[in-house]
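For reference, the structure is listed below as structure tokens.
Coordinate-derived values only; no laboratory data. Only a predicted model underlies this, so the values are computations on that prediction, with no experimental measurement involved. Glycine gets a Cβ as well: all are built from the backbone with ideal geometry, and neighbour counts include every protein chain shown.
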Ligand code: SAH
């Protein structure tokens, strides 16, 4: 059984990472405080313990990745999270991003399409701490119609297009943060969509990022 320890060294490295995120332009103190409270090394293989606080993405299992801290901070800042908001996340992966949202006091519903990764959520280290975080095995393109509508939606994989069912599950004035493939499919443009009262949405465009693909259907 793995022992989880958050040492002074880890805490020190984490604080330095928050300073770096500030330098890179992250200004939302609620985001930085949540990330400073969460031991990112708990979400990675013990072999990566020494480098867990570098601003890098890392492989987890099943060919997937834990997003770069800057990307997590950037998407979370764009999401403008308020306590008690209902947030749907597509792409649970390592559960790090979902934990940041739960730490900020949101009610988090997160979906993963890969069975192995979903099964791992049963050993989630913070199970007793975050009762506001719920895990689902399913296809993110479908969302969670029975749990919606949501105040916010965050997609943490490269979307080929804006999934219409996820727009349908947003409240009016609700926001979606979504990295959408550019023409060559190599990068994604980060978009913030705001749903209008008539069901359409307006769009703001931000920087380019690089995510693993959002894939259709579930996988065993
Ligand atoms: N939020 C994660 C990032 C994981 S990478 C973290 O903090 O670690 C993206 C994840 O999206 C992968 O685990 C991948 O399996 C998952 N994914 C891809 N397409 C999906 C879909 N259609 N529905 C749900 N999850 C999906």
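Looking for whichever is within 13 Å of the ligand (Cβ to nearest atom) and surrounded by fewer than 18 Cβ atoms within 10 Å (Cβ to Cβ) here; the options are 80, 68, 75. Which one fits? Just a single option satisfies the conditions, and that option is 68. The residues of the range 191-220 that are buried (at least 17 other Cβ atoms within 10 Å of the Cβ) and away from the ligand (no atom under 14 Å from the Cβ), listed by number, are 191, 192, 193, 195, 201. Regarding the range 158-171, can at least one residue be identified that is within 16 Å of the ligand (Cβ to nearest atom), within 14 Å of residue 78 (Cα to Cα) and surrounded by 21 or more Cβ atoms within 10 Å (Cβ to Cβ)? No, the range 158-171 contains no residue that is within 16 Å of the ligand (Cβ to nearest atom), within 14 Å of residue 78 (Cα to Cα) and surrounded by 21 or more Cβ atoms within 10 Å (Cβ to Cβ).
Restricting 103, 112, 89, 85 to residues that are in contact with a helix residue (DSSP H, G or I) (Cβ under 8 Å, 6 or more places away or on another chain), touching a residue at least 60 places away in the same chain (Cβ under 8 Å) and either farther than 26 Å from residue 12 by Cα or within 11 Å of the ligand (Cβ to nearest atom) (or both) narrows the list to 89.
Within the range 1-19, take every residue that is in contact with a helix residue (DSSP H, G or I) (Cβ under 8 Å, 6 or more places away or on another chain) and in contact (Cβ under 8 Å) with a residue 40 or more places away in the chain and give me the one that is surrounded by the fewest Cβ atoms within 10 Å (Cβ to Cβ). Checked the range 1-19; the qualifying residue surrounded by the fewest Cβ atoms within 10 Å (Cβ to Cβ) is 2. Restricting attention to the range 134-152, the residues that are assigned to a loop (DSSP other than H, G, I, E, B), away from the ligand (no atom under 12 Å from the Cβ) and closer than 10 Å to residue 89 by Cα total 0.
What are the residues in the range 55-65 that are away from the ligand (no atom under 12 Å from the Cβ) and either touching a residue at least 24 places away in the same chain (Cβ under 8 Å) or in contact with a strand residue (DSSP E or B) (Cβ under 6 Å, 6 or more places away or on another chain) (or both), if any? Listed by number, the list holds a single entry, 55.
Only residues that are more than 13 Å from the ligand (Cβ to nearest atom) and either assigned to a helix (DSSP H, G or I) or farther than 15 Å from residue 43 by Cβ (or both) were counted in the range 115-133, giving 5. Counting only residues that are buried (at least 21 other Cβ atoms within 10 Å of the Cβ) and assigned to a loop (DSSP other than H, G, I, E, B), the range 40-65 holds 2 of them.
Number of residues in the range 57-84 that are farther than 22 Å from residue 122 by Cα and more than 15 Å from the chain's Cα centre (by Cα): the value is 3. When 167, 177 are screened for being closer than 15 Å to residue 201 by Cβ and not in a strand (DSSP E or B), only 167 passes.
Residues that are without any contact (Cβ under 8 Å) to a residue 60 or more places away in the chain and out of contact with any helix residue (DSSP H, G or I) (no Cβ under 9 Å at 6 or more places or on another chain) within the range 132-141 comprise just one, 134.
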